[in-house]
Amino acid sequence: MSKPFDIGLERLIGQPSYSGVIRDAEAGQRGTFFLETFGCQMNDHDSEKVAGVLLSRGYRQVETPETAGLILYNTCSIREKAAQKVFSRLGEYRAKQSEGKIIGVLGCVAQQEGEEIFERAPWVSLVCGSASYRKLPEMIAQLEAGNQRVTGLDTDTEETFETEMTRRDDPWRAYLTIIEGCDKACSYCVVPYTRGPERSRPSDSILREVRKLAEHGYSEVQLLGQTVNSYADPTPRKLRFSELLLAVADVPGIRRVRFTTSHPSDFTRDIVEAIESQPKICDHVHLPVQSGSTTVLQAMQRTYTRAEYLEKIAMIRDAKRPIDITTDIIVGFPGETEADFEETLSLLEEVKYDSLFSFKYSPRPNTPSLAMKDAIAEEEKSRRLAILMEKQREIQTARNASLIGKTFEVLVSGKSRRENQWSGYTTSHRVVNFASQAKELLGTYVQVRATGATPNSLVGEHIV
Ligand code: 5AD
Ligand code: SF4
């Protein structure tokens with residue numbers, strides 16, 4: 001989803017030449033860019049960094065492609081539908097190139113399709129995968145110099161993409177990528193192919209950025225990675241992931257530390273102990289299981305069995321303070337029998353997830369599962385997905401209802417058009433809509449007592 005350009009420039013970090021930037025940009029349309037982002041939080045955050053690179057080169061961000069000189073799409077190819085959307089969007093802007101606009105494709109579709117994008121959409125000038133974003137300033141300079149086709153498609157980099165300046169979309173929560181790429185080899189997944197091998201960012205550089213963020217008023221940081229808990233500090237300090245969580249939480253001004261996504265095989269007890277010992281580390285773990293059947297997990301090359309996954313769940317449930325657990329599930333993987341699917345349903349009953357993302361299996365190019373036999377028919381995938389979602393709805397309805405009467409600390413992030421109505425998130429990332437007579441609450445932490453529940457959120461009242 002694209003995000004509105006909704007925050008003041010003073011929020012930008014490390015703003016060396018800001019007034020100059022705006023003046024330059026006002027000089028001509030070439031100085032403006034429109035950036036639309038599809039996909040996951042990693043992509044959202046990459047876009048924030050790409051925007052930072054462009055802003056520092058004198059470009060100004062605008063809200064419509066019509067007013068932009070440079071139109072960029074940061075794309076997702078995790079499922080076929082997401083990838084198709086990119087080409088239909090590119091089609092819409094075919095005519096724009098003749099108006100002198102430069103069109104670029106970034107992200108996973110760029111990496112996956114490579115130079116073929118130029119064949120399918122010859123009006124595109126820039127194709128750049130996420131592992132090459134470090135070279136973006138260079139590539140943009142080539143485009144500015146009149147180069148018609150510029151590509152960045154290497155994935156063999158050892159480095160991570162860090163920028164002097166990041167244009168952050170959220171005024172209270174800052175995303176921070178600590179590990180890029182993925183070294184797992186799940187048989188259905190394009191990520192190892194599109195984002196390249198795992199690279200961890202040095203812990204001293206992470207902590208420096210967190211301190212800077214706190215100084216600029218951010219109170220919540222979310223550490224990102226496809227397998228965030230596989231973090232391996234490349235500095236001599238060799239901080240473990242759990243030690244990094246504690247060090248980030250120790251930075252003055254930081255009140256909440258989130259992290260996503262965790263891989264079950266690398267989810268160790270010390271992470272639970274870090275959460276137990278430091279209330280600033282959010283009591284929420286996103287632990288994708290993908291399937292409740294060991295047979296399917298093996299075909300998916302997920303590196304754990306159902307029983308091993310449940311051991312991790314038990315470890316989290318045994319924590320001294322309650323920790324919410326959410327997950328991702330794929331239905332209709334090749335060969336998934338009705339009995340396998342039943343095992344996924346029974347896993348839902350057993351774990352009672354606080355929330356989940358569910359997907360129909362989507363065959364992706366270059367993945368091992370593409371060649372697997374016994375594909376499940378589309379209608380059958382839809383049927384399974386509907387059953388799964390209904391079961392989870394029941395679980396969430398009961399779970400949220402059990403929270404009525406409890407009090408939560410909420411970071412207020414939204415104000416409703418209805419008078420005196422606000423919304424925000426608990427530490428476990430549960431949405432709370434609540435009433436308050438207060439004049440201004442955005443960005444503050446307040447106590448809210450839950451008075452009602454829906455399957456996806458709580459309703460409450462501000463306790464003053
Ligand atoms: N088909 C369907 N879902 C997929 N995911 C990843 N690859 C595929 C695919 N080929 C899902 C997984 C992952 C989430 C981000 O997307 O559940 O955890
Ligand atoms: Fe894809 Fe598996 Fe890596 Fe997650 S762990 S990004 S699902 S390969």
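Data overview
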quantity	calculated
Out of LYS238, LYS212, sole residue that is assigned to a helix (DSSP H, G or I) and surrounded by fewer than 18 Cβ atoms within 10 Å (Cβ to Cβ)	LYS212
Within region 344-365, considering residues that are away from ligand 1 (no atom under 11 Å from the Cβ) and either polar (S, T, N, Q) or over 28 Å from the mean Cα position of the chain (by Cα) (or both), the one surrounded by the fewest Cβ atoms within 10 Å (Cβ to Cβ)	SER346
Residue match in region 145-153 (condition: assigned to a loop (DSSP other than H, G, I, E, B) and among the hydroxyl-bearing types (Ser, Thr, Tyr))	no
Tally, over region 322-342, of residues that are assigned to a helix (DSSP H, G or I) and surrounded by 19 or more Cβ atoms within 10 Å (Cβ to Cβ)	2
Any hit, region 228-236, residues being out of contact with any helix residue (DSSP H, G or I) (no Cβ under 9 Å at 6 or more places or on another chain), within 16 Å of ligand 1 (Cβ to nearest atom) and over 30 Å from SER413 (Cα atoms)	no
Sole exception among (1) in contact (Cβ under 8 Å) with a residue 60 or more places away in the chain; (2) closer than 26 Å to THR163 by Cβ; (3) surrounded by fewer than 21 Cβ atoms within 10 Å (Cβ to Cβ) for ARG79, by number	(2)
Condition broken by ARG134, with the remaining ones in (1) buried (at least 20 other Cβ atoms within 10 Å of the Cβ); (2) within 20 Å of ALA51 (Cα to Cα) satisfied	(1)
Selection within region 181-205 - outside any loop (DSSP other than H, G, I, E, B) and either in contact (Cβ under 8 Å) with a residue 60 or more places away in the chain or away from ligand 2 (no atom under 11 Å from the Cβ) (or both)	VAL191, TYR193, THR194, ARG195, ARG199, SER200, SER203, ASP204, SER205
Meets criteria (out of contact with any His (no Cβ under 7 Å at 6 or more places or on another chain) and more than 16 Å from ligand 2 (Cβ to nearest atom)) for ALA371	yes
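Table: residues versus (1) of a type in the set (S, T, N, Q); (2) in contact (Cβ under 8 Å) with a residue 40 or more places away in the chain.
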{"position": "VAL331", "(1), (2)": "no, yes"}
{"position": "GLU336", "(1), (2)": "no, yes"}
{"position": "ALA339", "(1), (2)": "no, yes"}
{"position": "VAL351", "(1), (2)": "no, yes"}
{"position": "GLU390", "(1), (2)": "no, no"}
{"position": "ARG399", "(1), (2)": "no, yes"}
{"position": "GLY405", "(1), (2)": "no, yes"}
{"position": "THR426", "(1), (2)": "yes, no"}
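Quick note: the coordinates plus some simple rules give every number you see, no bench work behind them. Small disclaimer: the values here were computed from a predicted structure and weren't measured. Cβ atoms come from the backbone with ideal geometry, glycine included; neighbour counts cover every protein chain shown.
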